[in-house]
Amino acid sequence: MNSTAFPLDAYLARIGEQDAGRPRDAATLDTLVLAHTIAIPFENLDPLCSRAVDIDAATVIDKLIHRRRGGYCFEHGRLFADALRALGYPVRELAARVIWNQPEGAITPLSHMLLDVNTPDGPRLVDVGFGGLTVTAGLRWQPGLEQATPHGTYRLLLDGDEWRLQARVAGDWKPLYRLRRIEMHGCDYVASSYFLSTHPQSLFTGNLMLARAGTDRRWTLFNREQSEYLADGSVVRRTLTDPDELLHEVEHRFLLNVGDAPDLRARLAALFVR
C-alpha cells in the first residue's frame with residue numbers, strides 16, 4: 001500500500017499512540033507492537049460464523065480501524081506492516097509453518113504471517129497476530145538468545161537457513177513455528193487465509209478463539225474456557241457457564257461489539273449445547 005493512502009492518524013488513534021516525530025528505532029517499534037496488541041484483539045468471529053476473511057488492505061483497515069474489530073494473523077500482519085511502512089520502517093513480509101501443539105517432526109503448511117522489520121538497531125522479527133502467545137515486542141534475529149518481552153520470554157534457534165521460534169511456557173521451551181526469511185507478498189497469503197476461514201476442518205471455523213494483551217497480563221478464550229496469564233507466571237482459569245456471561249466477556253474483556261450481529265450471538269450460544 002502507498003504510504004499516503006494509509007490512514008496513519010486513525011491507526012495511531014486506534015492503538016492509543018501518537019507519532020510526534022519519534023525516531024524510527026527498535027524502541028519505538030516495541031512501543032507500537034505493545035500498543036497494537038493491547039488495543040486490537042486476536043479474534044476469529046467471522047470464520048466462526050462461516051464468513052470468509054478478506055485480507056486486502058482496504059478491508060482490513062475498515063474492519064480493524066474503523067469498525068474496531070480484531071482479526072487473525074493475516075489481518076493483524078497486513079495492518080501492522082502497512083502502518084510501519086507509513087511510518088518509514090522497511091518491512092518484509094514472511095510466512096511460517098505453525099508447529100505449536102504439533103508432534104515432533106510434523107509437516108505443516110505456510111499458514112502464518114509475520115514481519116521482518118529493519119531498524120537502525122538491527123532487524124527484528126515482529127509478530128502481532130499469534131493469538132495467546134503473540135510476541136509483544138520485536139525480537140532480534142540472534143540464535144539462542146533468550147529475549148524478554150512484556151508478556152513472556154522467547155528465543156530463536158537456527159538450523160541451516162531455517163529459524164524456529166520458541167516460547168518459555170511454564171518453565172519449558174515450546175516451539176511455535178518455523179520459517180525461512182524469504183520475502184512474501186499479499187497474494188501469497190490468500191489461499192491459506194481462505195482455507196483457514198472457510199474449511200470445515202479448520203480450527204478457526206469450529207471454535208471461538210480470542211486473545212488480547214493487557215499492560216501486565218494477557219487473556220485468552222477458547223470456546224467457553226477463559227484463561228488469564230498474570231505477570232508472576234500464575235494462571236487463572238475458569239469455564240464460562242452461560243451465553244450471557246460469554247457475551248459479556250467478548251464485549252468487555254476482548255473489546256468486541258457483537259450487539260448488532262444476531263448470527264454471531266446465535267453461534268456463541270450454540271457453544272453451550274455441544
Query - helices (runs of 4 or more DSSP H) within the range 1-97 that include 3 or more residues in contact with a strand residue (DSSP E or B) (Cβ under 8 Å, 6 or more places away or on another chain) and either modelled with pLDDT under 95 or surrounded by fewer than 23 Cβ atoms within 10 Å (Cβ to Cβ) (or both) - result: 26-39
Query - Test: residue in the range 91-109 that is of a type in the set (Lys, Arg) and within 26 Å of residue 25 (Cβ to Cβ) - result: yes
Query - Positions within the range 110-128 being touching a residue at least 60 places away in the same chain (Cβ under 8 Å), assigned to a strand (DSSP E or B) and under 15 Å from residue 80 (Cα atoms), in sequence order - result: 112, 113, 114, 116, 117, 124, 126
Query raised in the report: Is one or more of the residues making up the range 85-102 touching a Gly at 6+ places or on another chain (Cβ under 6 Å) and in contact (Cβ under 8 Å) with a residue 40 or more places away in the chain?
Result: no
Query - Which listed residue is among the acidic types (Asp, Glu), exposed (fewer than 13 other Cβ atoms within 10 Å of the Cβ), in contact with a strand residue (DSSP E or B) (Cβ under 9 Å, 6 or more places away or on another chain) and modelled with pLDDT under 95, from 232, 172, 216, 244 - result: 216
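The values are calculated or read from the model by the stated rules, or taken from the named source; none is laboratory data. Everything numeric here is computed off the predicted structure, so don't read it as measured data. No Cβ is skipped: glycine too gets one built from the backbone with ideal geometry, and neighbour counts run over all protein chains shown.
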